[in-house]
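Asker: First the structure, which I've put down as structure tokens, then a few questions once you've had a look.
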Amino acid sequence: MKKLLVAVLLSGFAMSASAGLSKSCETYFAEIDSFVSAAPAAQQAMLKQQYEASKQQLSALPEAAQEQACSQATEQLKQVKAAMGK
């Protein structure tokens, strides 16, 4: 279940589609990095691969689009963490 929820969160960036990341995206990726690090070792490689792909796709978006996508993703991550009791 965790694996699926994180995959959905990370794949949202590919659908939502600057050279860098906006402040809200930096915050989101710091949170998701921590979340992925806490995943079981067997899942981490796959999750990190998805994480990096999402980060690259997102960094290509204009800052306003990044802000919107990362704000939504941060809210989704909060819901996932709440559902998991974290």
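The values are calculated or read from the model by the stated rules, or taken from the named source; none is laboratory data. The structure displayed is predicted, hence computed values, not measured ones. Reconstructed Cβ throughout: ideal geometry from the backbone, glycine too, with neighbour counts over all protein chains shown. Remember, those area values only see protein heavy atoms, side chains included, never the ligands or the DNA or RNA. Shrake-Rupley method; radii C 1.70, N 1.55, O 1.52, S 1.80 Å.
Asker: Could you please let me know if residue 4 is of a type in the set (A, V, I, L, M) and at pLDDT 85 or above?
Answerer: Answer is no for this residue.
Asker: With 64, 19, 14, 42 as the choices, which residue is modelled with pLDDT of 90 or more and open to solvent by 20 Å² or more (accessible area, probe 1.4 Å)?
Answerer: 64
Asker: Collect the residues in the range 22-39 that are more than 25 Å from residue 83 (Cβ to Cβ) and either acidic (Asp, Glu) or loosely packed, with under 14 Cβ neighbours inside 10 Å (or both), keeping them in residue-number order.
Answerer: Within the range 22-39, 23 is the sole residue that qualifies.
Asker: For the range 67-80, give me the residue count where each residue is open to solvent by 90 Å² or more (accessible area, probe 1.4 Å) and under 12 Å from the mean Cα position of the chain (by Cα).
Answerer: 3
Asker: Next question. Looking at (1) at pLDDT 85 or above; (2) assigned to a loop (DSSP other than H, G, I, E, B); (3) hydrophobic (A, V, I, L, M, F, W, C), which is the only condition residue 29 fails?
Answerer: Checking residue 29 against (1) at pLDDT 85 or above; (2) assigned to a loop (DSSP other than H, G, I, E, B); (3) hydrophobic (A, V, I, L, M, F, W, C), the one that fails is (2).
Asker: Within the range 50-60, does at least one residue satisfy the condition of being over 12 Å from the mean Cα position of the chain (by Cα) and either modelled with pLDDT of 90 or more or open to solvent by 40 Å² or more (accessible area, probe 1.4 Å) (or both)?
Answerer: yes
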